[in-house]
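These notes are about the structure you will find just below.
The values are calculated or read from the model by the stated rules, or taken from the named source; none is laboratory data. Note that the structure is predicted; figures quoted are calculated from it, not measured. Quick reminder, even Gly has a Cβ in these numbers, built from the backbone with ideal geometry, and neighbours come from all protein chains shown.
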Ligand SMILES: C[S@@+](CC[C@H](N)C(=O)[O-])C[C@H]1O[C@@H](n2cnc3c(N)ncnc32)[C@H](O)[C@@H]1O
């Protein structure tokens with residue numbers, strides 16, 4: 001079952017997420033040099049939070065944001081200041097089959113929390129390879145085990161989580177596969193870094209709030225996945241209750257993969 005998060009509230013979640021310690025843009029991108037003259041693609045830009053960071057914090061003057069959701073792009077456009085509209089342009093397109101006009105255009109492409117939502121991550125990586133100029137660079141940021149790594153003795157919740165992993169057609173463990181998927185897509189000099197995300201204390205409270213917002217955006221998706229309102233609501237209730245218990249661990253990994261078009 002495919003991921004769809006067209007709900008308006010998803011933009012609020014994406015905007016708030018970057019203020020949480022585990023999702024700070026600086027933590028993910030401060031180590032990369034991005035020159036202001038580069039042409040940068042934000043692939044799967046959502047509400048445009050990374051596009052605005054690249055312009056405001058890194059001075060990049062030509063940024064294209066691509067997303068398949070027109071709802072998300074409308075929100076992204078509204079969040080731009082008038083003076084930023086020359087530097088940032090948004091396009092509605094499907095990353096798994098990009099039009100020829102996007103080929104060989106970019107010095108850097110960034111896909112942040114996108115491959116974990118697509119049915120065929122390799123197909124998207126091949127398209128991003130095509131979109132780069134010769135020598136261009138891809139930075140992919142994806143989580144591995146987010147949400148489903150909650151460890152709980154509650155058998156009913158464990159069954160729900162297994163059902164979810166079985167039924168979705170995207171990969172909740174794509175993070176660990178980034179390096180070899182990037183190689184298969186044709187990238188060279190592939191390297192990666194990891195961050196262990198151990199949700200406890202303040203970080204657990206932030207992740208719980210993030211999860212409540214995910215559920216609010218995912219209502220119709222979860223109803224369809226679990227087959228009824230009643231099962232979907234029971235799943236959400238159980239998840240949030242088990243997440244409150246400090247003895248139930250929630251630890252997942254963030255992978256940051258980098259590769260070049262040789
Ligand atoms: C979790 S959001 C991340 C948004 C943004 N990169 C960020 O870091 O806030 C994933 C985004 O990928 C977009 N997306 C998913 N599949 C896509 C596809 N095949 N083509 C284009 N965009 C896609 C969704 O619409 C959504 O906006």
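Quick one: which of 123, 140 is closer than 25 Å to residue 193 by Cβ, assigned to a strand (DSSP E or B) and within 12 Å of the ligand (Cβ to nearest atom)? Let's see the steps before the verdict.
Details: 123 fails: assigned to a strand (DSSP E or B).
Of the residues listed, the single one that is closer than 25 Å to residue 193 by Cβ, assigned to a strand (DSSP E or B) and within 12 Å of the ligand (Cβ to nearest atom) is 140.
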Among the candidates 12, 108, single out the residue that is closer than 25 Å to residue 130 by Cα and either within 15 Å of the ligand (Cβ to nearest atom) or out of contact with any strand residue (DSSP E or B) (no Cβ under 9 Å at 6 or more places or on another chain) (or both). 108
Which residue pairs have Cβ atoms closer than 6 Å, lie 6 or more positions apart in sequence or on different chains, and pair a first residue in region 62-84 that is at negative phi with a second residue that is surrounded by fewer than 19 Cβ atoms within 10 Å (Cβ to Cβ) and not in a loop (DSSP other than H, G, I, E, B)? 62/39; 64/89; 66/91; 70/92; 73/92
Being farther than 15 Å from residue 20 by Cα and not in a helix (DSSP H, G or I) is the filter here; which residues of region 190-240 pass it? 190, 191, 192, 193, 194, 227, 228
Pull up region 82-96, narrow it to residues that are touching a strand residue (DSSP E or B) at 6+ places or on another chain (Cβ under 6 Å) and within 7 Å of the ligand (Cβ to nearest atom), then point me to the one that is farthest from residue 129 (Cα to Cα). 93
Residue among 32, 90 that alone is surrounded by fewer than 16 Cβ atoms within 10 Å (Cβ to Cβ) and either in a strand (DSSP E or B) or in contact (Cβ under 8 Å) with a residue 60 or more places away in the chain (or both): 32
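Per-residue answers, yes or no, for (1) part of a loop (DSSP other than H, G, I, E, B); (2) modelled with pLDDT of 95 or more; (3) surrounded by fewer than 16 Cβ atoms within 10 Å (Cβ to Cβ); (4) near the ligand (Cβ under 8 Å from one of its atoms):
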{"position": "3", "(1), (2), (3), (4)": "yes, no, yes, yes"}
{"position": "42", "(1), (2), (3), (4)": "no, yes, no, yes"}
{"position": "52", "(1), (2), (3), (4)": "no, yes, no, no"}
{"position": "59", "(1), (2), (3), (4)": "yes, yes, yes, no"}
{"position": "63", "(1), (2), (3), (4)": "no, yes, no, no"}
{"position": "80", "(1), (2), (3), (4)": "yes, yes, no, no"}
